[in-house]
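Okay, so here's the structure we're looking at.
The values are calculated or read from the model by the stated rules, or taken from the named source; none is laboratory data. Bear in mind the structure is a predicted one, so any value in this text is a computation, not a measurement. Methodologically, a virtual Cβ is constructed for each residue, glycine included, from the backbone with ideal geometry; neighbour enumeration extends over all protein chains shown. To get the accessible areas, we keep the full protein, side chains included, count just its heavy atoms, and leave off ligands, DNA and RNA. Shrake-Rupley method; radii C 1.70, N 1.55, O 1.52, S 1.80 Å.
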Amino acid sequence: MMRRDIDFNQAPLLLIWEVTRSCELACRHCRASAENRRDPRELSTEQGYRLIDDVARMGTPLIIFTGGDPLQRDDLEDLIRYAVSAGLRVGTIPATTDRLTRDRLLSIKEAGVHQIALSIDGPTAEEHDDFRRVPGSFAKAMQGAAWAKELAIPLQANTVFGQWNLHRFDALAELVTSLGIVFWEVFLLVPTGRGTELKGCTAEQAEELFGKIHELSQRVNFIIKITEGQQYRRYIAQHPSPQMAGRRPEFVSVKAVHAGNGFCFVDHIGNICPSGFLPIECGNVRDVSVIDVYRDHPVFKQLKDNARLKGRCAACDYQGVCGGGSRARAYAVTGDLFAEDPACAYNPELVTTKG
């Protein structure tokens with residue numbers, strides 16, 4: 001079991017490094033608006049090693065190599081091997097393109113990767129490929145999942161939910177369950193990059209989604225984690241379930257993981273940000289240690305201070321459970337890091353009034 005007792009003031013639970021922004025896909029929700037072109041300013045292998053050293057030294061147990069498409073880097077296996085040798089748990093998120101082959105997955109496995117993730121955004125080829133904007137992406141995802149199972153590589157499915165596919169939750173749940181996954185990461189859209197053209201879940205729709213996820217979690221044998229939907233923890237507290245007693249925990253971390261508070265992101269050219277969905281540049285790994293930025297940069301320190309929260313999040317009696325909602329969504333929608341999360345339906349003032 002992954003360490004769950006990390007002091008988020010000192011280290012994040014995980015750091016995600018965008019090893020390249022280049023990708024053949026053109027997904028409708030892409031936070032980075034990736035293009036199929038490598039940036040000559042990408043961190044080198046040696047610079048990546050130094051970043052990995054700092055991640056391990058900071059006390060962070062988990063590093064994820066993402067993109068773009070990390071398979072576009074020929075040194076991906078070298079980075080995986082180095083991170084594993086540093087004592088880190090390592091995951092990667094390959095894009096579903098022609099680079100995703102059985103041989104490459106075997107190479108990644110032999111390098112020591114602990115888990116891979118594939119994005120599944122529609123229950124049918126037509127829906128998924130329309131979202132990814134590349135015909136054949138769904139078929140490649142299904143083939144990649146089959147190869148992962150054959151090669152005994154633990155598989156995670158990633159799905160972004162918003163108003164365009166909320167009605168397809170049941171079909172998507174059935175599909176990802178059939179793939180033999182160990183982890184389903186459900187993302188609530190944060191309108192950044194190309195995602196600004198999409199409509200995320202309303203607060204009421206998010207509650208509906210939480211209900212479906214909670215019901216599903218009681219009858220499947222994989223972990224379901226909600227990203228940028230920290231208020232799901234509040235929903236769970238409001239809907240305790242005896243069926244969950246003794247089952248695998250729904251959350252990898254005891255505490256809610258937030259941008260800059262349990263989470264850190266390094267982009268393809270080395271900029272350090274609280275999150276890929278909160279791309280406020282707070283330094284570059286070429287010039288400063290990610291340890292110093294995570295612990296001491298004013299933005300990161302502010303994000304760890306819930307006394308700065310405003311609106312319903314400031315007054316919420318579940319603040320200690322969800323940690324104050326999505327700062328990335330609040331910032332994307334309002335421009336204020338500490339505004340209330342617009343995707344949360346809970347109103348503490350109504351509770352106070354009724355009391």
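Quick notes on this one:
- Dipole moment magnitude, nearest 20 debye, the chain about Cα centre, only Lys, Arg, Asp, Glu C-beta charged: 600 debye
- Largest to smallest accessible area among Met142, Met58 [probe 1.4 Å]: Met142, Met58
- Both radii were evaluated on the Cα set of segment 61-116; the Rg over Rh quotient, with Rh as the Kirkwood radius, amounts to 0.93.
- Using a cut-off of 25 Å between Cα atoms, the listed pairs Lys109/Lys140; Lys149/Lys225; Lys140/Lys212 include Lys140/Lys212 as exceeding that distance.
- Expected 222 nm ellipticity per residue - DSSP helices of 4 or more, -39500 (n - 2.57), all of the chain, to 500: -10000 deg cm²/dmol
- Mean projected area (nm²) of the alpha-carbon convex hull when segment 143-244 is viewed from all directions: 7.2 nm²
- Its convex hull of Cα atoms gives segment 61-199 a direction-averaged projected area, equal to a quarter of the hull surface, of 8.2 nm².
- Magnitude of the charge dipole, segment 255-334, Cβ model with Lys/Arg +1 and Asp/Glu -1, debye to 20: 320 debye
- Pairwise centroid distance, computed over Cα atoms, of segment 86-115 with segment 43-71, Å: 14 Å
- Alpha carbon convex hull of segment 185-326, volume per residue in cubic angstrom: 132 Å³
- Pairs of Cα atoms farther than 33 Å apart, the chain, %: 23 percent
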